[in-house]
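Taking it in order: structure first as structure tokens, then the write-up.
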Amino acid sequence: MKKIVLTGGGTAGHVTPNMALIPELLKLGYEVHYIGSKNGMEKDLIESMNIPYYGISTGKLRRYFDLKNFTDPFRILHGFSEAKSLLKKIKPDVVFSKGGYVSVPVVYAAHSRKIPAIIHESDMSSGLANRLCIPYATKICANFPEALATLPEGKSVLTGTPIRKELFEGNKRAGLTFCKLDDSKPVILVMGGSLGAAAVNKAVREALPQLLEKYQVIHLCGKGKLDTSLIGTDGYVQFEYISEELKDLFAAADIVISRAGANAICELVALKKPNILIPLPAAGTSRGDQILNAASFEKQGFSLVLDENKLSSSVLLEAVEKISAEKQTYIDNMAKSSQSDSVNIILGLINEAAGK
């Protein structure tokens, strides 16, 4: 039996693609292990799948001044030592990394033990953790065609991002029933991320009277972002966050309005949902990766992109009408994308590296 160690953590985007791979790896007969941080959010997610989980010491890789920058390198070194010991004990045939700061010591440890390591970069521009790992990777999986130009030639492959299989199992009727809606009008699903997006929420709510003339709206507005004055509005339903029922809401949606996080927009392409992207502006903690992600999807004909700094109810309404009128063109473009077969492409690279 071949063994694989998966790693990645810090945010859901560094864990959920691994979670999409796990069931398929098990079907192929792999013994799957996971190395993450000791108390990261990935721990509960992976353990819920009954996969052996090992926590190691981690230090955050920061681009800004912080006193912890002086102590975290020692945590990273300790994490490298722990990862090296774990790999000696597990003896995996291959390591697959989805990125995040916990992945750096694991990839370095794999290299030191001559274990092939495959890394995956979701964004157009590589994050700091992946940039540190690239020289030690056997293969690099890219999510965007444009990213290949910035990655080492010969070991970089356009794969797209692994999508959780359950998202393809949604039921439109169940989604409409859950939201107390019907099939009398098309449905717009608005997603601002788990914390919500204030500018998106504002534009949607200001445009609501006009939107509801032709559409029904399911609004995932973020924690603490409910507008109580709109509760009971016919054709409009709002939630802070949805997890289990998300697959059914996707199935019910005819159009999606979303931020442009790499995993989220890859789910839209895989599900062939015509979409309007409003990327997070390049300010504060954002390095501008969502803007680049959205630009790539617009260039490929998958998405219509709006600038948050120019967002208004009238701009949003115009975009909704455009995407609705050209819906089939967007669906056809997404259907032709090679990035929608990500799981199988990545499994092929894993099998090759593991000698299977």
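The values are calculated or read from the model by the stated rules, or taken from the named source; none is laboratory data. Computed from a predicted structure; not experimentally measured. Virtual Cβ from ideal backbone geometry, glycine too; neighbours counted across all protein chains shown.
Listed here are the residues, each with its yes/no results for (1) of a type in the set (A, V, I, L, M, F, W, C); (2) within 30 Å of Ile4 (Cα to Cα); (3) in contact with a Leu (Cβ under 9 Å, 6 or more places away or on another chain).
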| site | (1), (2), (3) |
| --- | --- |
| Ser312 | no, no, no |
| Leu316 | yes, no, yes |
| Glu321 | no, no, no |
| Asn344 | no, yes, no |
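So is Leu189 part of a strand (DSSP E or B), touching a Leu at 6+ places or on another chain (Cβ under 7 Å) and either touching a residue at least 60 places away in the same chain (Cβ under 8 Å) or hydroxyl-bearing (Ser, Thr, Tyr) (or both) or not?
Spelling it out, Leu189 is indeed part of a strand (DSSP E or B), touching a Leu at 6+ places or on another chain (Cβ under 7 Å) and either touching a residue at least 60 places away in the same chain (Cβ under 8 Å) or hydroxyl-bearing (Ser, Thr, Tyr) (or both).
Taking Ile242 as meeting all but one of (1) within 16 Å of the chain's Cα centre (by Cα); (2) under 30 Å from Met1 (Cα atoms); (3) free of Cβ contacts under 8 Å to residues at least 24 places away in the same chain, write down the number of the exception.
Unmet condition: (2).
Which ones in region 124-162 are over 17 Å from Leu21 (Cβ atoms) and among the small types (Gly, Ala, Ser)?
Ser125, Ser126, Gly127, Ala129, Ala147, Ala149, Gly154, Ser156
Looking at region 222-241, which of its residues are within 12 Å of Met191 (Cβ to Cβ) and either part of a helix (DSSP H, G or I) or touching a Phe, Trp or Tyr at 6+ places or on another chain (Cβ under 9 Å) (or both)?
Hit for region 222-241 is Gly222, nothing else.
What are the pairs with Cβ atoms under 6 angstrom where one residue, in region 86-105, is surrounded by 24 or more Cβ atoms within 10 Å (Cβ to Cβ) and the other, located anywhere, is hydroxyl-bearing (Ser, Thr, Tyr) and in a helix (DSSP H, G or I)? Sequence gap at least six, or different chains.
From residues that are surrounded by 24 or more Cβ atoms within 10 Å (Cβ to Cβ), the pairs are Ser97/Ser103.
Would you say Thr138 is over 24 Å from the mean Cα position of the chain (by Cα) and over 24 Å from Leu271 (Cα atoms)?
no
Exactly one of these conditions fails for Lys273: (1) in a loop (DSSP other than H, G, I, E, B); (2) surrounded by 15 or more Cβ atoms within 10 Å (Cβ to Cβ); (3) more than 18 Å from the chain's Cα centre (by Cα). Give me its number.
(3)
Does region 209-250 hold any residues that are of a type in the set (A, V, I, L, M) and touching a Gly at 6+ places or on another chain (Cβ under 9 Å), and which are they?
Passing the criteria: Leu211, Leu212, Val217, Ile218, Leu220, Leu246, Leu249.
Would you check which residues across region 20-45 are at pLDDT below 95, surrounded by 19 or more Cβ atoms within 10 Å (Cβ to Cβ) and outside any strand (DSSP E or B) and list them?
The answer is Ala20, Gly40, Glu42, Leu45.
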